Every structure is written in C-alpha cells, then in structure tokens.
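One structure is given here, and the rest of the page talks about it.
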Amino acid sequence: MNFSQIPGQKETIDRLIRSVKEQRVSHAQLLSGPEGCGSLALALAYARYVSCENRSETDSCGICKSCVKYEKMIHPDLHFVFPVIKNKKETEPVSDSYIEEWREFVKRSPYFTLNSWLDSIEVGNAQGLIFASEAGEIIKKLNLKSFESDFKIMIIWLPEKMHLSTANKLLKLIEEPPEKTLFLLVSEEPDKVIPTIISRCQLIKIPGFSIRDIRDYLIRKYNCSDEKAQEIARVANGSIIRAAELFENEDSSLQNLEKFKKLMRFAWKRDIISVISWSEEIAGTGREAQKNFISYTLRILRENLMLSLGQLKNDLVFLAGEEAAFSKNFHPFINQENIYQLADEFNIAYSHVEANGNAKIIFLDLALKVTKLIR
Ligand SMILES: [Zn+2]
C-alpha cells in the first residue's frame with residue numbers, strides 16, 4: 001500500500017509526507033477517524049514511506065528492498081498489533097498467532113471492519129481483543145535492534161480493544177521509547193483509549209472520504225455509471241467500506257425492498273390472505289436472509305421516519321434510487337405514533353430468528369402486528 005493507491009485523503013497524506021521531509025516524525029502518532037475512512041491504509045502507506053530507501057516528494061518508490069518487503073508485509077522492522085480471538089490452543093493469543101491470516105487479509109484490501117476481520121479468522125460471536133499477553137510481545141519486539149531500516153515501526157490497529165494492563169505497559173514505552181521507534185496507533189474510537197496514551201501521541205484526525213473521492217473510486221473499481229456512483233457515494237456517508245457494501249449487495253437490497261413493499265401494501269389493505277402467504281414466503285428463505293431482511297427493514301423505517309420529521313433537505317436521510325422513489329410516497333405512514341412499536345416488533349422477530357424459533361410463526365405474528373400498526 002502506497003499513498004497513490006489511497007483514493008483520496010490528500011490533506012492527511014500531504015501532512016504525513018511533510019513530517020518526513022521536515023524530519024519531525026513524532027515517535028507516537030494516533031490516526032483517528034470513523035470506520036471506512038482509510039486510516040489503516042494511511043498508516044501502512046506512511047510506514048512504507050518512512051522506510052523507503054528512495055522515496056520521492058510524493059510517495060515511496062515501490063521498488064527498493066524495503067518497499068518490496070512492505071508490499072508483502074514481511075519487513076522485519078514492521079510490527080503489527082491487532083485484536084484477535086481466543087482459540088482452542090491459546091486462551092490468550094497474541095497478534096503473531098494470526099499474523100499469516102492478517103497479512104493475507106490486509107493485502108486483499110486495507111478497508112475492512114473489525115467484524116469482517118474477526119469473521120475471517122472465525123465464524124461466530126467471539127470478542128476481538130488485544131490481550132494482556134500482547135504486552136510482553138510488544139516489549140520484546142521493540143527491544144530488538146532494527147534489522148534493515150532506520151526505524152522500527154509498530155502499527156497498532158484499534159488500540160481501544162487493548163487490555164488495560166497492555167495499555168499501561170505501552171504507555172511506559174511511549175513515554176520512554178526505545179531508540180528509533182515509531183508507534184502508529186489507528187483508532188476508530190479514541191475516547192475508549194486511555195487518556196494518558198492519547199495525551200502522549202500526536203493526534204491526526206482523519207475525516208471520512210469526500211463524496212467525490214468515493215464516487216471516483218466506485219467508477220474506477222466497478223466501472224459503473226457516474227450517476228449511480230454519485231448516489232451510492234452520498235449514501236455511504238464518508239465510508240469506503242459502506243460504499244463497496246452498498247454496491248456489491250445491491251441485488252439483495254432490491255429484493256429486500258420488494259419484500260418490504262409487499263408487506264406494507266398488504267398490511268395497509270388489511271389483506272390477511274396475502275399477509276399469510278407473504279409470511280410463508282419469508283419463512284421459506286434461510287435464517288441469514290431473514291435476519292438480513294429485518295435489518296434492512298429497520299434501516300428503511302428509520303429513514304422514512306426522518307423523512308416524516310421533515311429531514312428531507314437534511315443530510316440525515318441516506319436513501320438512493322428505488323428506495324428514495326418508494327419512500328417519497330410511503331414516508332407519511334411512518335411517524336412518531338407507530339415507529340417505536342414497529343421497531344420493537346422487528347427487533348423481537350430478529351431475536352426470535354436468531355434463537356432458532358419457528359419462522360412461520362415468527363413472521364406471521366410480525367406481519368399481523370404490522371397490519372395493526374400501519375394505517
Ligand atoms: Zn522504496
């Protein structure tokens with residue numbers, strides 16, 4: 001990952017490059033910004049730039065020994081710390097237990113959520129943490145002399161997931177760093193990092209990507225029309241991850257919208273026969289599809305409430321294309337009178353589906369309650 005591969009964030013990139021040119025690379029920096037703002041990609045590109053043997057004014061060279069190792073993420077002076085999960089062998093695994101998986105995952109794309117990383121190493125609801133055992137590893141690695149570069153660089157992804165005792169030991173290292181060490185902390189929730197660490201880091205706040213940057217990225221990546229890219233970019237609200245999800249899941253979104261429209265139409269007409277066959281149809285799909293539909297519905301309900309509350313001109317509404325067209329006429333049916341109960345009913349259905357309840361009963365019950373609430 002070098003700077004030119006990042007589709008935007010020019011201001012931050014300029015600032016990072018300037019710090020190297022002016023030889024005032026602070027030894028501990030905290031890059032913070034919302035999910036999908038590209039903060040990990042920026043940290044990777046920055047680390048590579050710092051280590052490059054032949055960097056230009058604007059980027060690392062891409063061909064020197066250091067860059068080649070960075071590309072494979074195997075440079076001996078580049079270290080990673082990131083949340084991991086317990087496994088059968090270790091109750092307190094460290095990042096290096098998953099380093100191979102991590103390299104492969106990040107090489108595929110540096111834009112991902114914590115959940116998607118955890119899903120890639122295990123399916124389930126395991127909590128991702130940086131365990132207390134990691135502290136020893138960090139100290140060990142940073143006390144090594146650097147092998148090939150001037151700097152030893154440690155990228156800590158999501159320090160907010162760090163065990164308190166690890167954070168305290170890290171704090172000591174940041175206060176009295178081993179020679180030629182660069183810490184790059186990449187955080188999505190800096191308010192959950194202990195304040196004594198924050199106060200010792202140079203803060204680099206990263207905004208979401210601009211609509212224009214996301215639009216151009218979508219056009220390049222998916223070769224889609226200007227208009228469509230623009231619409232998705234607006235809805236993505238600065239997140240490059242959300243933009244890609246919206247684009248790639250468009251089919252399932254459209255299917256969910258169709259199911260939602262049908263339910264609302266039957267409910268409004270009090271057409272009980274159709275309501276029953278609707279619930280049977282949904283019950284016939286898989287559990288993931290059912291959960292996906294419910295999550296989708298909750299989002300559409302929320303957006304329609306925003307429209308009803310007159311937020312149309314506001315940036316609080318994130319609807320595009322077919323959804324926007326449908327919601328234009330539908331939104332008056334969602335208001336402060338029924339939204340709480342509607343949301344409750346869908347949330348209850350969600351937890352029943354998760355608990356493996358009888359789908360026919362869950363969705364018939366849900367559809368009948370909706371029939372009462374939509375008028
Ligand atoms: Zn280079």
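The values are calculated or read from the model by the stated rules, or taken from the named source; none is laboratory data. In this text, all values refer to a predicted model and were calculated from it rather than measured experimentally. Quick reminder, even Gly has a Cβ in these numbers, built from the backbone with ideal geometry, and neighbours come from all protein chains shown.
Below, the figures for the structure above:
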| quantity | calculated |
| --- | --- |
| Options SER133, SER149: the member that is closer than 21 Å to PHE183 by Cα, within 16 Å of the ligand (Cβ to nearest atom) and of a type outside the set (D, E, K, R) | SER149 |
| Selection within segment 51-105 - part of a helix (DSSP H, G or I) and either aromatic (Phe, Trp, Tyr) or not assigned by TED's automatic domain parsing to the domain that holds ILE121 (or both) | TYR70, TYR98, TRP102, PHE105 |
| Residue satisfying condition, being more than 16 Å from the ligand (Cβ to nearest atom), surrounded by 13 or more Cβ atoms within 10 Å (Cβ to Cβ), modelled with pLDDT under 95 and of a type in the set (A, V, I, L, M, F, W, C), within set TRP117, TRP157, TRP102 | TRP117 |
| Restricting segment 319-359 to residues that are of a type in the set (Val, Ile, Thr) and farther than 18 Å from ALA267 by Cα, the residue that is surrounded by the most Cβ atoms within 10 Å (Cβ to Cβ) | VAL353 |
| Among the residues listed as ALA43, ALA47, the single one being more than 15 Å from the ligand (Cβ to nearest atom), buried (at least 16 other Cβ atoms within 10 Å of the Cβ), part of a helix (DSSP H, G or I) and among the hydrophobic types (A, V, I, L, M, F, W, C) | ALA43 |
| For LEU254: the one exception among (1) assigned to a helix (DSSP H, G or I); (2) surrounded by 14 or more Cβ atoms within 10 Å (Cβ to Cβ); (3) in contact (Cβ under 8 Å) with a residue 60 or more places away in the chain | (2) |
| Hits in segment 14-33 (condition: away from the ligand (no atom under 16 Å from the Cβ) and within 23 Å of LEU170 (Cβ to Cβ)) | SER19, ARG24, VAL25, SER26, HIS27, ALA28, GLN29, LEU30, LEU31, SER32, GLY33 |
| Hits in segment 54-82 (condition: of a type in the set (Ser, Thr, Tyr) and closer than 26 Å to SER95 by Cβ) | SER60, SER66, TYR70 |
| Some residue of segment 361-370 being assigned by TED's automatic domain parsing to the domain that holds MET264, buried (at least 18 other Cβ atoms within 10 Å of the Cβ) and within 21 Å of ARG234 (Cα to Cα) | no |
| Residues located in segment 60-76, provided they are within 12 Å of LYS107 (Cα to Cα) and either β-branched (Val, Ile, Thr) or within 10 Å of the ligand (Cβ to nearest atom) (or both) | TYR70, GLU71, ILE74 |
| Checklist (1) farther than 28 Å from ASP14 by Cα; (2) outside the structural domain of PRO332 (by TED's automatic domain parsing) applied to ALA244, failing item | (1) |
| Segments classed as strands (runs of 3 or more DSSP E), wholly inside segment 140-208, with at least 3 members that are β-branched (Val, Ile, Thr) and in the same structural domain as ALA28 (by TED's automatic domain parsing) | 152-157 |
| Subset of segment 77-88 [more than 16 Å from the ligand (Cβ to nearest atom) and either acidic (Asp, Glu) or in contact with a Pro (Cβ under 9 Å, 6 or more places away or on another chain) (or both)] | VAL81, VAL84, ILE85, LYS86, ASN87 |
